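Novice: Just dropping this structure here.
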Amino acid sequence: MENTNNQNIYCVSLSKNGKTTSLAATETNGIPDMVKTNFISWVDIVTDEIEKTANKISPELGFSKDFLLKVFSNDKPRYEDFDSELAIIIPSITVSGFIVKLNSLYILVKENLVLTIHSKEVQRFVRLRRYGKVMLGKLNPKHKAEDNLSLLFIRLIDENNDRNFDYLKEIQEHSDSISSKLADPKFSRTQISKEIHKMKHALISYLSGLWITVDVLNSFKYGDAKLFTDDEVILGKFGNVVDSVSHQISLAEHLSAVLSSGFEVLQSIYNNQLQILNNRIALLMAYLTIVGTAVLVPNTLATALSGTIFNLGPKDANWYIILLVASTIISTVLAYVIVKRAGLLPERPE
């Protein structure tokens, strides 16, 4: 199997007699001729300067300048139809940790060519490049050109979707890691809350990419493109591609609901901890109230007896000390009993 993944440009073509040829290169030398002389072709371009590269190579492949000017006026996902030329720009999702990026995949179509352009970061069609000849070999030159063009187009869209779907598994793995930490009472709740927030943001970005994909594909589906087939079976396959994205959205939303429940569990833990702290503070305040009340009685007696009217001296020390100790004990017990019977003493936290 030839190694095509290190080359910037890849082309695979199917001739009218059913023969497939492929070419991987860093320049377009020979590729425009392959496209012109064969029944149908797929050209894949990987570049970090998408607009510059596309404006250089696409005219060589037969795309008009007005069409290219419209397509590359911005990188917003959308569907453009110029009757004999059409373009669809959809998100190619990449995930690294909690960072989700929505890269643009450009798919340009003309009568016998499907051109895909994307950045090196995406690496969307690595597998298809290896099996490009097998893929085009399944097409039938005896069938209508628009039927074969539509089947190739659908296959490329489906491959992009499959690569997008793979990243949900990566997000799911991070979710399992957070669940394990959430079950560990010793793990920092602050750290978990931050990770859940990052995971939630990643899911929102991922879901945004899928919803954009559905919107663009539906625009294409109901756009009645002249280059696209009217065959109901092939149209059904395209409908299945759109449905698969909708199904993936449901899975991602379910995972989002699971994360939301994690937030609720975390909030319950915080509320319980706060309630325990409040109970402890209330218990401390109750005991301080009892102590303050108990100390008030002997303090009042000591203040009153210290007056000159009683004229106490060293000879009165014994009964004076006994009186203060006894009043302290009695007032403490009475204050405790009164507070407890009044229900002002909270339960001791566990």
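The values are calculated or read from the model by the stated rules, or taken from the named source; none is laboratory data. Note that this is a predicted model, so its numbers are computed, not measured. Counting neighbours? That spans all protein chains shown, and the Cβs are built from the backbone with ideal geometry, glycine included. Just the protein is used for accessible areas: all its heavy atoms, side chains included, with ligands, DNA and RNA removed. Shrake-Rupley method; radii C 1.70, N 1.55, O 1.52, S 1.80 Å.
Novice: With a ≥ b ≥ c the root eigenvalues of the C-alpha gyration tensor of segment 113-167, is it rounded (a/c under 1.5), prolate (a/b larger than b/c) or oblate?
Specialist: Judged from the Cα gyration tensor, segment 113-167 comes out prolate (a/c at least 1.5, a/b above b/c).
Novice: Give me the distance between the Cα centres of segment 217-256 and segment 37-73, rounded to whole Å.
Specialist: Spelled out, the Cα-based centre of one part sits 25 Å from the other.
Novice: Let me ask something else about it. Give, to the nearest whole percent, the P(r) tail of segment 1-99 beyond 21 angstrom, counting all Cα pairs. Present the calculation step by step, with values, prior to reporting the outcome.
Specialist: Values: 2129 of 4851 pairs.
Cα-Cα pairs in segment 1-99 separated by more than 21 Å: 44 percent.
Novice: Report the full-extension gain for the segment residue 36 to residue 296: residue separation times 0.36 nm, less the Cα-Cα distance, to one decimal in nm. Walk me through the intermediate numbers first.
Specialist: Numbers: separation 260, 0.36 × 260 = 93.60 nm, distance 10.52 nm.
Answer, rounded to one decimal: 83.1 nm.
Novice: Can you tell me which lysines have their Cα less than 19 Å from the Cα of residue 52? Leave out same-chain residues fewer than eight positions away.
Specialist: In chain and number order, the partners are 65, 70, 76, 120.
Novice: Right, another one. For segment 20-88, with every protein chain kept in place, what is the accessible area per residue (1.4 Å probe, Å²)?
Specialist: Working: 3400 Å² over 69 residues.
Value for segment 20-88: 49 Å² per residue.
Novice: Still on this structure, I have one more. To make sure I understand the rule: partners must be lysines, Cα under 30 Å from the Cα of residue 142, and not fewer than 8 residues away in the same chain. Which ones qualify?
Specialist: 16, 19, 36, 110, 133, 221, 226, 237
Novice: Explain nothing, just compute: Karplus ³J(HN,Hα) = 6.51 cos²θ - 1.76 cosθ + 1.60, θ = phi - 60°, for every residue of segment 209-215 in order, whole Hz, x for Gly and Pro.
Specialist: Along segment 209-215, the couplings run x, 5, 5, 4, 4, 4, 4 Hz.
Novice: Further, regarding this structure: Pull up the cross-link candidates among the lysines for residue 198, meaning alpha carbon to alpha carbon under 23 Å and not fewer than 8 places away within one chain.
Specialist: Cross-link targets: 101, 169, 181, 186.
Novice: Using DSSP to call loops (not H, G, I, E or B), can you name the chymotrypsin sites (Phe, Trp or Tyr not before Pro) in segment 57-165 whose Cβ has at most 14 other Cβ atoms within 10 angstrom? Display every interim value, and only then the final one.
Specialist: On the way: sites: 63, 67, 72, 79, 82, 98, 106, 125, 131, 153, 165; in loops: 63, 72, 82, 98, 125, 131.
Hits after loop and neighbour filter: 131.
Novice: Could you give me the ³J(HN,Hα) list for segment 121-132, computed from phi with Karplus coefficients 6.51, -1.76, 1.60 and θ = phi - 60°, whole Hz, x at Gly and Pro?
Specialist: 5, 6, 6, 7, 10, 4, 5, 5, 4, 5, 10, x
Novice: Give me the accessible area of residue 143, 1.4 Å probe, in Å² rounded to the nearest 10.
Specialist: The accessible area of residue 143 comes to roughly 100 Å².
Novice: Here is a follow-up. Starting from the residue with the highest accessible area, list 162, 83, 66 in decreasing order, probe 1.4 Å. Mind dumping the intermediate values first?
Specialist: Details: 162 50, 83 80, 66 115 Å².
Descending order: 66, 83, 162.
Novice: Let me ask something additional. Could you tell me which trypsin sites (Lys or Arg not before Pro) in segment 109-143 are loop residues by DSSP with no more than 13 other beta carbons within 10 angstrom of their beta carbon? Don't skip to the answer; put the middle values down first.
Specialist: Numbers: sites: 110, 120, 124, 127, 129, 130, 133, 138, 142; in loops: 120, 124, 138, 142.
In loop regions of segment 109-143 (DSSP not H, G, I, E or B), the sparsely surrounded trypsin sites (Lys or Arg not before Pro) are 120, 138, 142.
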